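Comments concern the structure below.
Bear in mind these aren't lab numbers, they're just calculated from the coordinates by the rules spelled out. Everything quoted here is computed from the prediction, not taken from an experiment. Glycine also receives a Cβ, built like all others from the backbone with ideal geometry; neighbour counts cover every protein chain displayed.
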Amino acid sequence: MYQLVKSVLFRYDPEVIHEKVMSSLSWCGRHPGALRLISTACQFNDPRLTVKRFGLTFPNPVGLAAGFDKNAVAIPSWAALGFGAVEIGSVTALAQPGNPKPRLFRLPADQAIINRMGFNNDGAEVIARRLAKLNTDYGSLAVPLGVNLGKSKVTPLEQAAEDYLRSVQVLQPFADYFVINISSPNTPGLRKLQDKDKLADLLAVISSYESAASAKPILLKIAPELSFAQIDEILELVFNYNLAGIIATNTTTSRNNLSSSLDEAGGLSGKPLASRSLAVLKHLRAQLQDRLPIISVGGIFSAQDVYERLVAGASLVQVYTSFIYEGPLLLRRLNQGLLQLIERDGFSNVEAAIGSRAPD
């Protein structure tokens, strides 16, 4: 059924359709009856899928990646759809419109997306008020809420630490964990913050605040283009500043092995990213062993893809592009299929499978 619906949706501008989908999900989130219908159709729950990491409980290991719900307008609907976690954003300290349109492109032949959105969002203050109202209306959320943070475009790179810190301060009461996004290719100069010295300055400011405040887990999201030597430099800082985990990876600027001839700037997500994302995961796991959780992102479309990432050492995974291509029943299929794979291989639960085939 969704494939038929998709054939119609894909005739229209991707960002227009995205806005309509978000408007619909926002409406559903305000109506308990609609949420119950979505849950009945889309969720698959089993206690054996539960994962516990950095002090949080995830009902299943498949979360929504940042970028879909930038402004936290549909959080109850994501939980109803069966996601094990929701990551909003990227949120910047200052509201910003993002890059000029068009800035979102489909590559159906590759099951991929190119975006150069540019952190378009309502800003930390507005999103904090929205989350406060959500807490008032719903109480505690059904799944962990991650807040992905980016740098405001107008903020000079030299003031990036203060810009990120402002967002942390404003959103501190509402986030279950924060993600420091220094790896989007769509904000000029942002990836320079992955350089060791600049990253050390940024993490020092944020970790110092979190040590003094009611600390929330801080994760770091890295780019797929980093060499393994650059990743190893970053890992030194991860332990120095007590980060809770790594998210690997963001979108890629590479255009290798694409069937589509579309020539647009921006970050590529979807199936073409799968092999590099998996390679980065395996390197991270080899370096970290089980000392730090890894969330794997990039090209995850099937239960087998989820299982491959988990046994390779990811504690959790996230999806984005596959939701666009596979539709609202994706989470039911992924979690049902994952449980079947776990049972097939004799694991008692998903925790037992995590890292079982990781490199030594």
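Kindly put 351, 233, 210 in sequence by how many other C-beta atoms sit within 10 Å of each C-beta, fewest to most. Walk me through the numbers on the way to the answer.
Numbers: 351 18, 233 15, 210 21.
In order of increasing Cβ crowding within 10 Å: 233, 351, 210.
Hey, got the dipole for the stretch 292-360? About the Cα centre, +1 on K and R Cβ, -1 on D and E Cβ, debye to the nearest 20?
On the way: 5 positive and 7 negative charges, 31 e Å.
Result for the stretch 292-360 is approximately 140 debye, rounded to the nearest 20.
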Quick check: the distance between the Cα centres of the stretch 243-290 and the stretch 112-135, to the nearest angstrom? 23 Å
Using +1 on the beta carbon of Lys and Arg, -1 on that of Asp and Glu, and nothing else charged, what's the dipole of the chain about the Cα centre, debye to 20? 720 debye
Cα→Cβ-extended label distance, 7 Å offset, between residue 52 and residue 4, nm: 4.6 nm
Over the alpha-carbon set of the stretch 183-245, divide Rg by the Kirkwood Rh and report the Rg/Rh ratio to two decimals. 0.97
Tell me which of 128, 250, 296 sits at the most positive position along the dipole axis of the chain, charges placed on C-beta atoms (Lys, Arg +1; Asp, Glu -1). 128
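Please give the charge dipole size of the stretch 236-360, origin at the Cα centre, charges +1 on K and R Cβ atoms and -1 on D and E Cβ atoms. Round to the nearest 20 debye.
Values: 11 positive and 11 negative charges, 18 e Å.
In total the dipole reaches around 80 debye.
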Top positive-direction residue, dipole computed over the chain with Cβ charges, set 73, 217, 199: 73
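For each of 51, 350, 154, count neighbouring Cβ atoms within 10 Å of the residue's Cβ, then give the residues from fewest to most. Can you show the working numbers first?
Details: 51 22, 350 25, 154 11.
Least to most surrounded, the residues fall as 154, 51, 350.
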Using only the Cα atoms of the stretch 155-223, build the gyration tensor, take square roots of its eigenvalues as a ≥ b ≥ c, and label the shape rounded, prolate or oblate: rounded if a/c is under 1.5, else prolate if a/b is larger than b/c, else oblate. prolate
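Kindly provide the helix-only [θ] at 222 nm of the chain, computed as the sum of -39,500 (n - 2.57) over DSSP H runs of four or more divided by all residues, to the nearest 500 deg cm²/dmol? If you can, show how the numbers build up before the last one.
Numbers: 13 runs with 147 residues, N = 360.
The per-residue figure over the chain is -12500 deg cm²/dmol.
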Got a sec? Charge dipole of the chain, +1 on Cβ for Lys and Arg, -1 for Asp and Glu; which of 173, 12, 49 is way out at the positive end? 12
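With a/c under 1.5 counting as rounded, go ahead and sort the stretch 256-343 into rounded, prolate or oblate using the C-alpha gyration tensor (a ≥ b ≥ c being the square roots of the eigenvalues; past the cut-off, prolate if a/b is larger than b/c, else oblate). Each step should come with its number before you reach the end.
Values: a/c = 2.39, a/b = 1.21, b/c = 1.98.
Oblate.
In nm, what is the difference between 0.36 nm times the number of residues separating residue 329 and residue 259 and their Cα-Cα distance? Don't jump to the answer; show the numbers that get you there.
Values: separation 70, 0.36 × 70 = 25.20 nm, distance 2.68 nm.
Residue separation times 0.36 nm, minus the Cα-Cα distance, leaves 22.5 nm.
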Between beta-carbons, use under 9 Å as the cut-off and find the net charge around residue 157, counting Lys and Arg +1, Asp and Glu -1. +2
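Shape verdict for the chain, please, from the Cα gyration tensor: rounded (a/c under 1.5), prolate (a/b greater than b/c) or oblate. Please report the intermediate quantities before stating the final value.
Working: a/c = 1.19, a/b = 1.09, b/c = 1.09.
Note, shape of the chain comes out rounded.
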